[in-house]
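Inspection log for the structure reproduced underneath, given as structure tokens.
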Amino acid sequence: MSKSAYEIDQHHDQVERYVVVAWVDNEAGVLARVSGLFSGRGYNIESLAVSEVDHDRKISRITIATNGTQAVIKQIQAQVLKLVPVHKVNIYPINDETIFRELALVKFLGEGEMLQKAEQLCVDNKFEFLDKTSKSFIVQALGLRTEIDEFIEKIKAFGSVSISRTGALAMKKGSETVKDNKGQVL
Amino acid sequence: MSEQLTGAEIVFKALNEHSVEYIFGYPGGAVLPLYDQISKEKNIKHILVRHEQGAGHAAEGYARSSGKPGIALVTSGPGATNMVTALTDAYMDSIPLVCISGQVPTHLIGTDAFQECDTTGITRPCTKHNWLVKDVNQLAETIHKAFHIATSGRPGPVLVDIPKDVQFQKGNYKSAKEVVVETYKPKIKAELSKIEQAVELIIKSKKPIIYSGGGVINAGTKASDALTEFTRITNFPITSTLQGLGAFPGSDPQFLGMLGMHGTYEANNAMYECDLMINIGARFDDRITGRVDAFSPNSKKIHIDIDPSSINKIVKVDVAIVGDCLSVLNDMLTTLKNKHSDFCNSNKEKISDWWKQINKWREKKSLSYKHDDKLIMPQYAVERLYELTKNQDTYITTEVGQHQMWAAQFYKFDKPNRWMTSGGLGTMGYGLPAAIGTQIANPGKLVVDIAGEASILMNIQEMSTAVQYKLPIKIFILNNQWMGMVRQWQELLHGKNYSESYTEALPDFVKLAEAYGAVGIRATTPKELDDKINEMVDINRPVIFDCLVKKEENCFPMIPSGKPHNEMILGPDDEEGITEEGKVLV
């Protein structure tokens, strides 16, 4: 049973994964504002991807995979939206309405049969080879987070790997785009 | 093309454009170009504090008592880090501050230069927004944005960090009129449909309560007038948070006193039992709600707040109204008068049973205490201070602890902006510098810092500031030689293990006052108290009043942590009400 303000709703509601997307002015410190808000208020960051998406207006899109109860996620959205350089914030639950993609670069080190098996695994997955030597290759893996997780698990069995991942990107299906929601009750 | 100005000139031109009259500050290496400029300014006066934290709290006191933003100016490194507590304090209590800090020259940033620190990094979580200005041509625009963001919407502190070389460089000035912040447009006016939903609940309610907060004070004195009119028209009982005191007259019979941890029995029980709660500019702070899952279980809740992130943060509400308290109250009043004029007449009858119940709770007299002939009771001291100063327009600041709660309970505020206290952050050492800022903003008025002997020592150096500027502030110390609230919690929650809460060596406060060039007065018996308070009030110089009070008195009533509103403890005979689970909460 919750006893104080520090434990609101945690017990009534299930923790689920969500993706938070924020459109922000690409100015110094903006990423620190957003990520600092997460750490300062005790929210989790599973992955974070950010890049400028509109060079003329200098707007970046930050995509954060996180988890929490629905109340916590609403509060994350409201708090991020309150930051001055933030234009709009949207929340994507993990479901069929949303496209998720993550990219990974995987460098595999191995020889002989193991190298061949690893290569075959990549071919089966239709991943693109970016570099090859007699003892190694670099492959670009593209897909859902879980698909990349599985792939990495499998390729590790054949040799040693070095991995770089972007974290999830998300976009809602259909023709709809995200409307400005600054200053609104969510 | 207009004439080019130095960065320092641009800063002051911008401050003049915002009609700044006072800056609270402390010079240092990285702000010397700005201090050069200060000496040439005719309309801006600099108040030299003795510690940067003092500048911050003085600016807060100035802001709260005047409704204008407070301005602070500090140097890089320690100047900026000393400001952090005051910025955090202002952020928690939504006080508009504009802090300008010096920074090492741009080419030295990141080199661990002398008195360098990452000021914008350090202050990011404790400001509403902050900027490091590396381009002199952005300086005017940034300062205008800083004022706009600090003072609009939910007010708060902002910081502008200016490297020393930028203060010297020449650049173009831009007027405030040319500046907009595209992503920052606080909503002032609420949707009419929401107002109508709220009014529907209001006219149906049989057990309503208005729970008002600092948002009403921040919305300006007209918002307090509107709140008063709304309360009178509806005949609803009203309670207030610590920060909201004074928005509705404290001496009015419709006022139930403060609510929350040390609120009155009637206010807390009315919150628990009500069928409609109208939260106007308050934020369901944990000192207010007590145990959240047992908070006002049977009521519909209306929440009026200018900050959308406050809504549904702690308590889920039925009608959420985002807007400025003044605008929303006026819209509710208009709707009530135009569409429900009969309500205003019939309502007294409809809620008369509710008032009967409230008056029964009132009969408990939850603020009563045992009088003493020989020792001054701390409650008595505040009561007498109130009685002897209520007929003049008195401004009260406080430090943090028992004395603060007694001040909130026993000093009645009939006007807004007369009560300056650190609520959210709970900053000991707030009251003296805040009194300085308050006195600067209100020359000729009586300004009293109700203090504890422990808190006052945290920023006692500012006595020197008060003496320098001939500010006749009164420091009214309820001296019980204990960190009283710590002692109280140790008694009630930690098995009377009074670990480190007693101050073994205290200064002689009378001599201390004299050493600073102020006046010291000591009162030791209830008999002499009135005369001494009158003496204090009559002295037109800074005074430290050392009021020796009963040492082990506790502040009641109290909702222990982990308890709902209807399980208050009313006094020393009631203390077994605290549970093991409650002890781990703050």
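Structure notes:
- Residue in the range B:41-52 that is touching a residue at least 60 places away in the same chain (Cβ under 8 Å), crowded, with 24+ Cβ neighbours inside 10 Å and of a type in the set (Lys, Arg) present: no
- Residue check for B:LEU256: crowded, with 23+ Cβ neighbours inside 10 Å and over 21 Å from B:ALA219 (Cβ atoms): yes
- Test: residue in the range B:492-503 that is outside the structural domain of B:ASP285 (by TED's automatic domain parsing) and within 30 Å of B:THR239 (Cα to Cα): yes
- Of all residues in the range B:145-158, those that are part of a strand (DSSP E or B) and either out of contact with any strand residue (DSSP E or B) (no Cβ under 9 Å at 6 or more places or on another chain) or within 12 Å of another protein chain (Cβ to nearest Cβ) (or both) total 1.
- Among (1) under 25 Å from A:ASN26 (Cα atoms); (2) crowded, with 21+ Cβ neighbours inside 10 Å; (3) not polar (S, T, N, Q) - the single one B:ALA176 does not satisfy: (2)
- Scanning the range B:12-28 for residues that are more than 19 Å from B:GLY61 (Cα to Cα) and in contact with a helix residue (DSSP H, G or I) (Cβ under 6 Å, 6 or more places away or on another chain) yields B:PHE12, B:ALA14, B:GLU17, B:PRO27, B:GLY28.
- There is at least one residue in the range B:569-581 that is in a loop (DSSP other than H, G, I, E, B), among the small types (Gly, Ala, Ser) and not assigned by TED's automatic domain parsing to the domain that holds B:TYR272.
- When the strands (runs of 3 or more DSSP E) confined to the range A:130-186 are screened for residues that are in contact with a helix residue (DSSP H, G or I) (Cβ under 7 Å, 6 or more places away or on another chain), those reaching at least 2 such residues are found at A:136-143, A:160-165.
- Being within 14 Å of chain A (Cβ to nearest Cβ) and either in contact with a helix residue (DSSP H, G or I) (Cβ under 7 Å, 6 or more places away or on another chain) or not in a loop (DSSP other than H, G, I, E, B) (or both) is a property that holds for B:VAL181.
- Number of the condition not met by A:LYS126 [criteria: (1) in a loop (DSSP other than H, G, I, E, B); (2) touching a strand residue (DSSP E or B) at 6+ places or on another chain (Cβ under 8 Å); (3) modelled with pLDDT of 95 or more]: (2)
- Checking each residue in the range A:132-146 for being within 30 Å of A:ILE62 (Cα to Cα) and in contact (Cβ under 8 Å) with a residue 12 or more places away in the chain picks out A:ILE138, A:VAL139, A:GLN140, A:ALA141, A:LEU142, A:GLY143, A:LEU144, A:ARG145.
- Yes/no for B:ILE238 being aliphatic (A, V, I, L, M) and within 24 Å of the chain's Cα centre (by Cα): yes
- Within the range B:520-545, tally of residues that are buried (at least 18 other Cβ atoms within 10 Å of the Cβ), touching a helix residue (DSSP H, G or I) at 6+ places or on another chain (Cβ under 6 Å) and not in a loop (DSSP other than H, G, I, E, B): 8
- Checked against (1) surrounded by fewer than 18 Cβ atoms within 10 Å (Cβ to Cβ); (2) in the same structural domain as A:GLY29 (by TED's automatic domain parsing), A:VAL86 passes all but condition (1).
- Number of the exception - A:GLY42 against (1) within 22 Å of B:GLY121 (Cβ to Cβ); (2) within 19 Å of the chain's Cα centre (by Cα); (3) crowded, with 19+ Cβ neighbours inside 10 Å; (4) within 14 Å of another protein chain (Cβ to nearest Cβ): (3)
- Test result for B:SER94, of a type outside the set (Phe, Trp, Tyr), within 14 Å of B:THR123 (Cβ to Cβ) and buried (at least 19 other Cβ atoms within 10 Å of the Cβ): no
- The listed residue being in contact (Cβ under 8 Å) with a residue 12 or more places away in the chain, under 19 Å from the mean Cα position of the chain (by Cα) and within 14 Å of chain A (Cβ to nearest Cβ), out of B:ILE306, B:ILE314, B:ILE302: B:ILE306
- Restricting attention to the range A:51-91, the residues that are β-branched (Val, Ile, Thr), in a strand (DSSP E or B) and more than 7 Å from chain B (Cβ to nearest Cβ) total 8.
Listed here are the residues, each with its yes/no results for (1) more than 30 Å from A:GLU176 (Cβ to Cβ); (2) aliphatic (A, V, I, L, M); (3) under 21 Å from the mean Cα position of the chain (by Cα).
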residue: A:VAL86; (1), (2), (3): no, yes, yes
residue: A:ASP96; (1), (2), (3): no, no, yes
residue: A:ARG101; (1), (2), (3): no, no, yes
residue: A:ALA104; (1), (2), (3): no, yes, yes
residue: A:MET114; (1), (2), (3): yes, yes, no
residue: A:VAL123; (1), (2), (3): yes, yes, no
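- Among the residues of the range B:317-342, those that are at the interface with another protein chain (Cβ under 10 Å from one of its Cβ atoms) and assigned to a strand (DSSP E or B) comprise B:ALA320, B:ILE321, B:VAL322.
- Filter pass, B:LYS445 being more than 15 Å from the chain's Cα centre (by Cα), on the phi > 0 side of the Ramachandran plot and at pLDDT 95 or above: no
- Just so you know, in the range A:131-186 the residues that are within 14 Å of another protein chain (Cβ to nearest Cβ) and of a type in the set (A, V, I, L, M, F, W, C) include one that is surrounded by the most Cβ atoms within 10 Å (Cβ to Cβ), and it is A:VAL185.
- Residue in the range B:376-388 that is of a type in the set (Lys, Arg), touching a residue at least 24 places away in the same chain (Cβ under 8 Å) and closer than 30 Å to B:PHE284 by Cβ present: no
- Pick from the range B:529-582, criterion more than 20 Å from B:ALA454 (Cα to Cα) and basic (Lys, Arg), ranking: modelled with the lowest pLDDT: B:LYS563
- Taking each residue of the range B:106-127 that is without any contact (Cβ under 8 Å) to a residue 12 or more places away in the chain and away from every other protein chain (no Cβ under 13 Å) and looking for partners that are part of a loop (DSSP other than H, G, I, E, B) and aliphatic (A, V, I, L, M) with beta-carbon atoms closer than 7 Å, six or more apart or interchain, yields B:ALA113/B:VAL104.
The values are calculated or read from the model by the stated rules, or taken from the named source; none is laboratory data. Being a predicted model, the structure only gives us computed values, none of them experimental. Don't worry about glycine lacking a Cβ; one is built from the backbone with ideal geometry, like all the others, and counts go over all protein chains shown.
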